[in-house]
Amino acid sequence: MQRAEPQDFSRVLSSMCTRPHPAARDAAERFLATNPGDPGTYETVAKLEREAIDLLGQVAGLEDAAGYVSSGGTEANIQAVRIARNRGDTRTPNFVAPASAHFSFRKAADILGVELRTAPLEDFRANLDGVAELIDEDTVLVVGVAGTTEYGRVDPIPALADMADDAGALCHVDAAWGGFVLPFTAHSWDFSDADIDTMTIDPHKMGQAAVPAGGLLARGPELLDELAIDTPYLESTSQVTLTGTRSGAGVASAVAAMEELWPEGYEAQYRTSQSNADWLAAEIEARGFDAVDPVLPIVAIDFPHDLIAELREQGWRLSRTENGEGRVVCMPHVTRPMLQEFLDDVDRLT
Ligand code: 0PR
């Protein structure tokens, strides 16, 4: 049988992951057989994880960050809800998140037995009155998204954090995708901008690390302590992660990518991706289609259903928003010549 080869990225417009930076790929390979879930045995990778969290803290405006490298944004979001639930003083906890929040919060609600209250949007962002209406004395967490999955929008994070604080709840920011582009924008989204408690920020998305490398950050170690369970037979005495054995490759590649790219490399990539997104949106509109203004480098395009299907037949990996728009995520592997080729196909098919 022919050996399977991984997907090449030349027509991938739908992914929030990308080709890892060469240094990240190299580090991942070297650390493939290490397990940060057992820091007593795998000391080097455990130290690297500490570095990863320090670096992620720098990206997210937090000194002495607590946290760990998770399997992805899903785990980090679940753990953030778990922290809030365990810290809360109620038997009927709920949390409030905007309708734009990633579906991982629905998994969190289901697993943890915390009611998810979904707040309405206004211009693709959380509507603050809508959020306020859903908060009550059983609310343990308010979620804001910094870089939504479908439209790259940033919720009013400082206002959400204040509302959480007034309610005695925690505030979590999901910057899984946006975290590595937002530092170069004027948006208020991080630990220095607002009184937030936890954040999801994933090296394996815009951070250009190998999969799997997600990130959970917490303002202080006492928040992570809410997750601690005893680990009687390991050298380390407790564990806060959701999974046991974890990817040392992910940890090492996250550190390598951030050491290589933070901040100049990420900034240059943000500028390239954003200018590609702005250019694509303008080109699309010039052809008579609507594009949702790319606040961050994601373009949602009002293509007819059939055209999306035909483009997919041409090999373009284009995903759809819930509203049915075609969605182009301007990741590092999405270059201007690639987008030109995409537009050439659009022109040919219309
Ligand atoms: N939070 C946000 C804002 C996200 O966009 C995502 C994933 C998550 C959390 C969950 O992260 P993990 O998938 O790491 O657990 N958003 C994309 C999605 O689920 C991820 C993705 C990645 C999609 C690669 C396609 C793809 O090829 O749609």
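Of the residues Ala126, Ala164, only one is closer than 19 Å to Trp189 by Cα, within 16 Å of the ligand (Cβ to nearest atom) and without any contact (Cβ under 8 Å) to a residue 40 or more places away in the chain; which?
On inspection, the qualifying residue turns out to be Ala126.
Show the residue pairs that are 6+ apart or on different chains and have beta-carbon atoms under 6 Å apart, the first residue being within the range 26-37 and open to solvent by less than 80 Å² (accessible area, probe 1.4 Å), the second being acidic (Asp, Glu) and at pLDDT 95 or above.
Pro36/Glu49
For residues that are assigned to a loop (DSSP other than H, G, I, E, B) and more than 19 Å from the chain's Cα centre (by Cα), scanning just the range 156-191, find the one that is nearest to Cys330 (Cα to Cα). Break it down into steps so the answer makes sense when it comes.
The first filter runs over the range 156-191 and keeps only residues assigned to a loop (DSSP other than H, G, I, E, B), leaving 156, 167-169, 175-177, 181, 185-191.
If we keep only those that are more than 19 Å from the chain's Cα centre (by Cα) too, we end up with 167-169.
Numbers: Ala167: 38, Gly168: 38, Ala169: 35 Å.
Only one residue tops the list, namely Ala169.
Confirm whether Gly315 is outside any helix (DSSP H, G or I) and open to solvent by less than 30 Å² (accessible area, probe 1.4 Å). Outline the logic, then answer.
Working: outside any helix (DSSP H, G or I): yes; open to solvent by less than 30 Å² (accessible area, probe 1.4 Å): yes.
Yes.
Quick check, is Thr231 open to solvent by less than 60 Å² (accessible area, probe 1.4 Å), modelled with pLDDT under 95 and more than 27 Å from Pro183 (Cα to Cα)?
yes
Here is a yes/no grid of residues against (1) acidic (Asp, Glu); (2) away from the ligand (no atom under 15 Å from the Cβ); (3) open to solvent by 20 Å² or more (accessible area, probe 1.4 Å):
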{"position": "Asp174", "(1), (2), (3)": "yes, no, no"}
{"position": "Thr185", "(1), (2), (3)": "no, yes, yes"}
{"position": "Trp189", "(1), (2), (3)": "no, no, no"}
{"position": "Asp197", "(1), (2), (3)": "yes, yes, yes"}
{"position": "Glu226", "(1), (2), (3)": "yes, yes, yes"}
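Among the residues that make up the range 92-109, is at least one of them β-branched (Val, Ile, Thr), assigned to a loop (DSSP other than H, G, I, E, B) and either touching a His at 6+ places or on another chain (Cβ under 9 Å) or crowded, with 19+ Cβ neighbours inside 10 Å (or both)? Steps first, please.
At the first step, the residues of the range 92-109 found to be β-branched (Val, Ile, Thr) are 92, 96.
From what is left, the residues that are assigned to a loop (DSSP other than H, G, I, E, B) are 92.
Add one more test, that the residue is either touching a His at 6+ places or on another chain (Cβ under 9 Å) or crowded, with 19+ Cβ neighbours inside 10 Å (or both), and what stays is none.
No, the range 92-109 contains no residue that is β-branched (Val, Ile, Thr), assigned to a loop (DSSP other than H, G, I, E, B) and either touching a His at 6+ places or on another chain (Cβ under 9 Å) or crowded, with 19+ Cβ neighbours inside 10 Å (or both).
Anything in the range 159-168 that is open to solvent by less than 10 Å² (accessible area, probe 1.4 Å) and within 13 Å of Asn94 (Cβ to Cβ)? List them, or say none. So that I can check it myself, show each step before the final result.
Step one: filter the range 159-168 for residues open to solvent by less than 10 Å² (accessible area, probe 1.4 Å), giving 160-161, 164.
Ala164, the sole residue that qualifies.
When Glu150 is evaluated against the numbered criteria (1) in a loop (DSSP other than H, G, I, E, B); (2) more than 15 Å from Pro297 (Cβ to Cβ); (3) within 16 Å of the ligand (Cβ to nearest atom), which criterion, by number, is the only one it fails?
Against the list (1) in a loop (DSSP other than H, G, I, E, B); (2) more than 15 Å from Pro297 (Cβ to Cβ); (3) within 16 Å of the ligand (Cβ to nearest atom), Glu150 comes up short only on (2).
Can you tell me which of Ala80, Ala76, Ala84 is touching a His at 6+ places or on another chain (Cβ under 6 Å), part of a helix (DSSP H, G or I), in the same structural domain as Asp190 (by TED's automatic domain parsing) and open to solvent by less than 10 Å² (accessible area, probe 1.4 Å)? Give the derivation first.
On the way: Ala76 fails: touching a His at 6+ places or on another chain (Cβ under 6 Å); Ala84 fails: touching a His at 6+ places or on another chain (Cβ under 6 Å).
Of the residues listed, the single one that is touching a His at 6+ places or on another chain (Cβ under 6 Å), part of a helix (DSSP H, G or I), in the same structural domain as Asp190 (by TED's automatic domain parsing) and open to solvent by less than 10 Å² (accessible area, probe 1.4 Å) is Ala80.
Being hydroxyl-bearing (Ser, Thr, Tyr) and open to solvent by less than 20 Å² (accessible area, probe 1.4 Å), is that true of even one residue in the range 41-57? Break it down into steps so the answer makes sense when it comes.
Initially, the range 41-57 is screened for residues hydroxyl-bearing (Ser, Thr, Tyr), giving 41-42, 44.
From the residues that got through so far, the ones that are open to solvent by less than 20 Å² (accessible area, probe 1.4 Å) too are none.
Taking every residue of the range 41-57 in turn, none turns out to be hydroxyl-bearing (Ser, Thr, Tyr) and open to solvent by less than 20 Å² (accessible area, probe 1.4 Å).
The values are calculated or read from the model by the stated rules, or taken from the named source; none is laboratory data. Being a predicted model, the structure only gives us computed values, none of them experimental. Quick reminder, even Gly has a Cβ in these numbers, built from the backbone with ideal geometry, and neighbours come from all protein chains shown. Note: areas computed on protein heavy atoms with side chains; ligands, DNA, RNA excluded. Shrake-Rupley method; radii C 1.70, N 1.55, O 1.52, S 1.80 Å.
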